[in-house]
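A short write-up of the structure that comes next.
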Ligand SMILES: Nc1ncnc2c1ncn2[C@@H]1O[C@H](COP(=O)(O)OP(=O)(O)OP(=O)(O)O)[C@@H](O)[C@H]1O
Ligand SMILES: [Mg+2]
């Protein structure tokens, strides 16, 4: 069953130096429970696409349908709650002046999820679910590692009980070992909570590890969309082939880590 | 708290500021008990001791009608601090709200509010205050209004610039995507990040408000006699310089200490509050 459907979506930015076509006439569908990876080089329009799905940016033309209904320019609470995101930079994603618990609780208060008296308990459960100790709710973000902060970001998004989670390079700011653990967590959570992911990344090792299908973007256009195995074994578009060929391998140690990552250990 | 004290104590300048401010605050609070002549805060005369240089009885000398200058300075600190606190307590929230809304909401709210702020900022502060006092009667309350009118735009400017950069931070985006109300984002997410700068500025400004208030009363536009005020004491004494130097020097030093104290402490607080970012 289709959860998200993007039809002829286009975003053009008007800049002083002329129009920038960030996303051009893109159409695709995401099934409920699926993880769609969106890959493409820097500037190919991935974040712009994510922002339109999240309602942060309005589309120039085209439409986004969610669970059968067209999303209006001004989202209502039901849709905002149902579509959450995890951002790339875990350093700026948490308010330095609020403790972890307050950040995770935001969605609970906004949508009045559960009785007020139970919300701290819910916050602690949310932290536990992402592998963090309950006591962490009292801590300041500055005392957490990058990986821990990213887990808090995930807990905050999931506290809203969303159906679709848009992840914009959620692991690219983390070192490889932490990356592997966070990816495993994301996979677990998707299975456990029947979530749907739009997973933006430029790391093909990550794609292989999390994605059911892959959408390849180039200069704002969707150039190839297929099942992950198929994209890796028989890429059709020359651009996809060059992407796969261009996976940089730094040294043996990293190669080993990447292999481990790909095995999901 | 103990950490804050340790950071301040580690810097001799901040420590000096803290000590000066504490001394001034205590002097103002306990003026009726500390002052050797507590009745000299009013229109009393004591011609037997008029115009005497500092001595064992009047440590800082007396004024033309024989009032003890040390006692009057203690009372004048009450007025200065009280005025500073009232001004800042009114000016800071106004400026903060204006700056937050302009900085976070952007768009036409930003244009309108910041244009208004710029208008206020383009007028030299003392001129603005004098203009206000030209319309209103020169009383203590009106002096406070005048100083407040010239003060809030600086807070608007400060908070605006912080809010503008904070609104680009990921945590603001996260709160927006979650769908948190605008008031929550402005006051619960962004405001806490402006507080260190606001508190530091308030401390620094206590000194400046005291100077401005003193300048106004020096010009005869602020606190009116017989209420003791540092500015009017300096103005009055200036007529008898250099012979009766104590009438100007001690109130002048009192202003200086206050300004120095709050400035040094403000700088110290900047270190303390900036450190936990
Ligand atoms: N607000 C904006 N105004 C003008 N141009 C923009 C804006 N946001 C993005 N762009 C442009 O749109 C294009 C797509 O940007 P986008 O951030 O979506 O790319 P991306 O695929 O996410 O890149 P990266 O991998 O570096 O994050 C780029 O050319 C970018 O310069
Ligand atoms: Mg991007």
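What follows is calculated from the coordinates using simple rules that are stated; it is not laboratory data. What you are looking at is a predicted structure, and each value in this text was computed from that prediction instead of being measured. Note that we place each Cβ from the backbone using ideal geometry, even for glycine, and neighbour counts take in every protein chain shown.
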Over chain B, relative contact order from alpha-carbon pairs under 8 Å, at least 6 apart, %:
27 percent
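Starting from the Kirkwood Rh over alpha-carbon pairs, what translational D in µm² s⁻¹ does the range A:26-89 have by Stokes-Einstein at 25 °C and 0.890 mPa s? Spell out each step's value before the answer.
Working: Rh = 13.0 Å.
My calculation gives 188 µm²/s for D.
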With Kirkwood's inverse mean 1/r over C-alpha pairs for Rh, give me the Rg to Rh ratio of the protein assembly as shown, two decimals please.
1.16
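How many partner chain Cβ atoms sit within 10 Å of a residue's Cβ in peptide B:74-82, on average, as a whole number? Numbers along the way, then the final one.
Values: counts 0, 0, 0, 0, 0, 0, 0, 0, 0.
For this peptide, the per-residue mean of nearby foreign Cβ atoms is 0.
Using the Kirkwood radius over Cα pairs, work out the Stokes-Einstein diffusion coefficient for the range A:60-108 at 10 °C and 1.306 mPa s, in µm²/s as a whole number. Display every interim value, and only then the final one.
Values: Rh = 13.4 Å.
Translational diffusion coefficient: 118 µm²/s.
Considering all projection directions equally, how large on average is the shadow of the alpha-carbon convex hull of the range A:83-143, in square nanometres?
Numbers: hull surface 18.1 nm².
Reported value for the Cα convex hull: 4.5 nm².
Taking the mean number of other Cβ atoms within 10 Å as a proxy for protection, how do you rank A:180-187, B:110-117 from highest to lowest?
Numbers: A:180-187: 19.8, B:110-117: 15.5.
Result, highest mean first: A:180-187, B:110-117.
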Mean Cβ count within 10 Å, highest first, over the residues of peptides A:217-226, B:35-44, B:234-243
A:217-226, B:35-44, B:234-243
Virtual spin-label span in nm between residue A:29 and residue A:184, 7 Å along Cα→Cβ:
3.5 nm
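Please compute the length gained on full extension between residue B:187 and residue B:240, using 0.36 nm multiplied by the number of residues separating them and subtracting their Cα-Cα distance. Working shown, then result.
Details: separation 53, 0.36 × 53 = 19.08 nm, distance 5.30 nm.
Gain in length upon complete extension: 13.8 nm.
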Would you mind putting A:101-109, A:7-15, B:190-198 in packing order, based on average other-beta-carbon counts within 10 Å, highest first?
A:101-109, B:190-198, A:7-15
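Using a 10 Å cut-off on Cβ to Cβ distances, tally the other chain neighbours for every residue of B:163-173 and report the average as a whole number.
Counting Cβ atoms of other protein chains within 10 Å of each residue's Cβ and averaging gives 4.
Give the relative contact order (percent, whole number) for chain A; include only Cα pairs under 8 Å separated by 6+ residues.
Numbers: 489 pairs, mean separation 63.1, N = 265.
Normalised by residue count, the contact order of chain A is 24 percent.
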Convex hull over the alpha-carbon atoms of the range B:169-277: what's its volume per residue in Å³?
121 Å³
Computed P(r) (all Cα pairs; the range B:63-161; 5 Å bins; percent)
3, 13, 18, 17, 16, 12, 9, 5, 3, 2, 1, 1, 0
Based on alpha-carbon centroids, what's the gap between the range A:206-236 and the range B:39-59 in Å, whole number please?
91 Å
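Per residue of B:180-190, what is the mean number of Cβ atoms on other protein chains within 10 angstrom of that residue's Cβ?
2
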Could you compute Rg(Cα) / (2.2 N^0.38 Å) for the range B:132-218, with N its residue count?
1.47
Regarding chain B, what's the average projected area of the Cα-atom convex hull, expressed in nm²?
16.9 nm²
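At 10 °C and 1.306 mPa s, what whole-number value in µm²/s does Stokes-Einstein give for the translational diffusion of the range A:2-232, with Rh from the Kirkwood sum over Cα pairs? Numbers along the way, then the final one.
Numbers: Rh = 18.1 Å.
D = 88 µm²/s.
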